[in-house]
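Peer 1: The structure's right below; bear with me while I get my questions together.
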Amino acid sequence: MTDYKRKRVVVTGIGAITPLGNTHSKYWEALLEGRNGIDFITAFDTSNHNCRIAGEVKNFDPHDYMEKKEAKRTDRFAQFAVAAAKQAIADAKLVINDLNAEQVGVMIGSGVGGIKVLEDQQTIYLNKGPDRCSPFMIPMMIANMAAGLTAIHTGAKGPNSCPVTACASGSNAIGDAFRIIQNGYAQAMICGGSEAAVTPLSVAGFAAARALSTKNDPDKACRPFDKDRDGFIMGEGSGVLILEELDHAISRDAHIYGEMIGYGMTCDAYHMTSPVPGGLGAARAIELAIKDGQLTPEMISYINAHGTSTPANDVTETAAIKKALGDHAHKVAISSTKSMTGHLLGGSGGIEAVATILAIANDRIPPTIHLDHPDEGCDLDYVPHISRSETVEVALSNSFGFGGHNVTLAFRKYK
């Protein structure tokens, strides 16, 4: 906590490309309906895969957001990011021009980047030789290109970066953007996460690590906090927020969805893929976000959980929430929207921050679907099956990643 007065940061724009819809309004409507965006994979032949389902983005046309020639030179994850960013800027009615371009930055995280391009080019290399590889392979593949292309498309010349912290990447991007505005280094940030890793090699890799569900039933596989869960289901897409310094937002009469007030970030320093027992690292991230926002546990109305549907995460996250919130843990509403979208890896923090800020703005809590038989170690209020109308004053969004990365974001109603 610094001694000087930090600037207040508000959310003024939202964009979303998701398995449930390709605008934030369609995504939100589907969440409240408890609609399942997970289905059998259509992008490639899965006949030799143990996991054959995912949360794919449907009916997405990159030409709505970029020229045809450029789209061919841009990996799907970066197409998603540019699309969500352009939506968010339009939603915020934010004009970027020569007068303010250096005060608008971009922070978009991705855990995997352009893995589809890497797979395709490796096949070309093996079958046709190195001279046939595309000159665009490297810029299409590298994870920072979502942030770079977003800046090119929007003209944002301020701080620009790409956190790569596995499944915490999108949340780290939002948190880092929050700090940049708080400390006066930008007036507005285009921030979030993007991923398009529903590919043969990626699915095979996560399956080999025994991280994916093998149920291959879209209505039974992804079931966070349920005793019958056996792994996560991959998803793809992008969620982007426009964060803006409060006085700047007020000066242009911007619509304010809510205020971002806290950011907690820790590391387990324990294991490559498994969370530390008892969720101690995750609990510290939650506690730091609460402290950063000058909150108390009793002020928390809702938590958008990491909620991956893996045996290890759901029990550990439940323990972390209990440790961080104490007795209030049993009174707070919690839900995993991954039950409807699948796990977007580095993109998950983006679309889940979108869901969290919309829960505050609309006083509605999306459900955790497929939660029929809660695990004995998962004994909190996970809002099963049906969305709930409830005043949401303060909400948290949790994201945890391979490598022990833990991130919690805190938002509240703007007053």
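Peer 1: Would you be able to tell me the number of residues in the range 233-252 that are part of a loop (DSSP other than H, G, I, E, B), of a type outside the set (A, V, I, L, M, F, W, C) and surrounded by 21 or more Cβ atoms within 10 Å (Cβ to Cβ)?
Peer 2: Selection size over the range 233-252: 1.
Peer 1: Now for a separate question. Just give me the residues in the range 55-75 being farther than 14 Å from GLN87 by Cβ, free of Cβ contacts under 8 Å to residues at least 40 places away in the same chain, surrounded by 16 or more Cβ atoms within 10 Å (Cβ to Cβ) and within 24 Å of the chain's Cα centre (by Cα), in sequence order.
Peer 2: ALA71
Peer 1: I need a count of the residues in the range 293-329 that are among the hydroxyl-bearing types (Ser, Thr, Tyr) and either open to solvent by 50 Å² or more (accessible area, probe 1.4 Å) or at positive phi (or both).
Peer 2: 2
Peer 1: Now a separate question. Give the number of residues within the range 100-118 that are assigned to a strand (DSSP E or B) and surrounded by fewer than 23 Cβ atoms within 10 Å (Cβ to Cβ).
Peer 2: Number of matching residues: 0.
Peer 1: I've got another one for you. Looking only at the range 312-339, count every residue that is at pLDDT 95 or above and within 21 Å of TYR270 (Cα to Cα) and tell me the total.
Peer 2: Going through the range 312-339 one residue at a time, the tally reaches 12.
Peer 1: Is it true that some residue in the range 157-179 is assigned to a strand (DSSP E or B) and more than 15 Å from THR310 (Cβ to Cβ)?
Peer 2: Yes - at least one qualifying residue is present in the range 157-179.
Peer 1: Among the residues of the range 166-176, is any open to solvent by less than 40 Å² (accessible area, probe 1.4 Å), within 24 Å of the chain's Cα centre (by Cα) and more than 17 Å from SER348 (Cβ to Cβ)?
Peer 2: no
Peer 1: To continue, here is another question. What's the total number of residues in the range 203-223 that are open to solvent by 10 Å² or more (accessible area, probe 1.4 Å) and in a helix (DSSP H, G or I)?
Peer 2: Final tally of qualifying residues: 5.
Peer 1: Determine which member of the set PHE40, PHE44 is more than 17 Å from the chain's Cα centre (by Cα), open to solvent by 80 Å² or more (accessible area, probe 1.4 Å) and not acidic (Asp, Glu).
Peer 2: After ruling out the rest, the residue left standing is PHE40.
Peer 1: Pick from the range 253-289 the residues that are β-branched (Val, Ile, Thr) and touching a Ser or Thr at 6+ places or on another chain (Cβ under 7 Å): which of them is least open to solvent (accessible area, probe 1.4 Å)?
Peer 2: ILE286
Peer 1: Yes or no: the range 340-363 includes at least one residue that is touching a strand residue (DSSP E or B) at 6+ places or on another chain (Cβ under 9 Å), of a type outside the set (S, T, N, Q) and surrounded by fewer than 21 Cβ atoms within 10 Å (Cβ to Cβ).
Peer 2: Scanning the range 340-363, I find at least one residue that is touching a strand residue (DSSP E or B) at 6+ places or on another chain (Cβ under 9 Å), of a type outside the set (S, T, N, Q) and surrounded by fewer than 21 Cβ atoms within 10 Å (Cβ to Cβ), so the answer is yes.
The values are calculated or read from the model by the stated rules, or taken from the named source; none is laboratory data. All of these numbers come straight from a predicted model, not from anything done at the bench. Cβ atoms come from the backbone with ideal geometry, glycine included; neighbour counts cover every protein chain shown. Just so you know, the surface numbers come from the protein's heavy atoms only, side chains and all, with ligands and any DNA or RNA stripped out. Shrake-Rupley method; radii C 1.70, N 1.55, O 1.52, S 1.80 Å.
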